[in-house]
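Note sheet for the following structure.
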Amino acid sequence: MSRQLPLNLRLKDSSSFENYLNGGNAAAVEHVRTAIALLAHGEKSESVLFLHGPAGTGRTHLLQAACREAHHAGLGAMYVPLGEAGIVPALLENLEGVALVCLDEVERIAGNEEWERALFALVERLRVAGGMLIAAGARPPRELGLKLPDLATRLGWGAVYALRPLDDAGRLQAVQLRARNRGLEMPDDVARYILARYPRDLDSLFALLERLDTATLAEQRRLTIPFLRRFEDSKQKL
């Protein structure tokens with residue numbers, strides 16, 4: 001299977017380990033990176049790793065960062081968002097030829113016999129082939145509502161990490177880091193203003209940041225609190 005396959009399911013440009021704030025998740029990040037390094041050197045690693053946590057804990061970011069790092073190490077890797085329209089069980093066939101498979105939103109297939117059997121078969125084939133599965137879901141494997149008991153067991157074979165959300169200080173750092181990576185300078189007072197007035201989940205904050213980046217570029221202005229207030233007024237008038 002081509003090593004170019006992994007990046008055809010839209011890895012975000014921003015998804016890397018370098019711009020992921022560990023917060024309380026340093027052990028999980030280190031485990032993932034170590035496992036990829038072992039794969040790259042042809043050394044044995046566990047065949048399954050599971051990450052779980054509520055929205056905003058960076059599950060998708062970590063899975064995509066893992067695929068990106070594996071790709072840079074010369075490994076085949078594939079990211080599969082199970083909750084995305086058009087994703088079908090047949091997509092999991094023959095993926096044992098890929099060194100690293102990352103499956104997101106495993107809870108979305110719970111109770112679907114065809115999907116569960118396809119995932120079970122993939123876990124077995126990867127184990128035999130020496131590949132690795134990193135899966136992520138909202139809850140631990142045994143709490144996902146899977147109807148195939150052996151699948152829940154397989155998904156818990158290796159390390160299972162509960163990802164923790166960032167606290168307010170971590171959110172502030174995350175927003176400033178994302179802004180800096182986009183070439184947008186965000187002073188502390190601006191970051192605090194945003195956290196006080198906008199939804200605090202990271203997806204919403206990062207989406208806001210994209211809009212602000214576009215607006216500052218269009219007006220050739222720095223990102224300041226007065227600029228933010230004008231930005232808010234313009235949105236309210238639409």
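Table for the structure above
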item	result
Relative contact order computed over the chain (Cα-Cα under 8 Å; 6+ residues apart), in percent	22 percent
Translational D in µm²/s for the stretch 1-142 (Stokes-Einstein at 20 °C, 1.002 mPa s, Kirkwood Rh from C-alpha pairs)	142 µm²/s
Gained length - A159 relative to R142, 0.36 nm times residue gap less alpha-carbon distance	4.8 nm
Gyration tensor verdict on the chain (Cα atoms; rounded if a/c is under 1.5, prolate if a/b is larger than b/c, oblate otherwise)	prolate
Euclidean distance of C-alpha centroids, the stretch 107-185 and the stretch 45-73, integer Å	7 Å
Mean Cβ neighbour count within 10 Å, used as a protection proxy, ranking 205-212, 104-111 highest first	104-111, 205-212
Prolate/oblate/rounded call for the stretch 54-135, Cα gyration tensor, a/c under 1.5 rounded	oblate
Ordering of 87-93, 119-125 by packing [mean C-beta count within 10 Å, highest first]	119-125, 87-93
More than 15 angstrom apart: percent of Cα pairs within the stretch 168-237	48 percent
Global form of the stretch 32-78, assessed from the alpha-carbon gyration tensor, a/c cut-off 1.5	oblate
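All of the numbers you see were taken from the coordinates with simple rules; none came from a lab. Since the model is a prediction, treat every value here as computed from it, not as a measurement. No Cβ is skipped: glycine too gets one built from the backbone with ideal geometry, and neighbour counts run over all protein chains shown.
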